[in-house]
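Please read the structure below before turning to the comments.
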Amino acid sequence: MEGSPGKPITRTVEGGRIEDVPVSRYRATARLLRAGQTPLPVLVSVGQGGSYAPSATADFEKSSSGTTMEFTAKAP
């Protein structure tokens, strides 16, 4: 419902894309998971070349490839 709080969605990114996510505003966080190691928090940014932080919030936008949202991530 418009304006109502959502529930967390947890996905594993493979190939750089996550598909079939409901269109809404999202706050993204990320962790790097390596076998046998403690998860490492990753910094995220909206789009490319923005400022990185522990989380970032964005909305979906219409583009030539459909309705998309873009985040980039880097290990601290």
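Rule-based calculations on the coordinates, nothing more; no lab input. As the structure is a computational prediction, the values presented were derived from the model and not from experiment. Methodologically, a virtual Cβ is constructed for each residue, glycine included, from the backbone with ideal geometry; neighbour enumeration extends over all protein chains shown.
Data overview
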item: Selected residue (criterion: surrounded by the most Cβ atoms within 10 Å (Cβ to Cβ)) from residues of the range 17-59 that are over 12 Å from the mean Cα position of the chain (by Cα) and touching a residue at least 40 places away in the same chain (Cβ under 8 Å); result: 32
item: Residue list for the range 30-63, filter: hydroxyl-bearing (Ser, Thr, Tyr), within 19 Å of residue 8 (Cβ to Cβ) and assigned to a strand (DSSP E or B); result: 57
item: Filter result for residue 62 (at negative phi and surrounded by fewer than 10 Cβ atoms within 10 Å (Cβ to Cβ)); result: yes
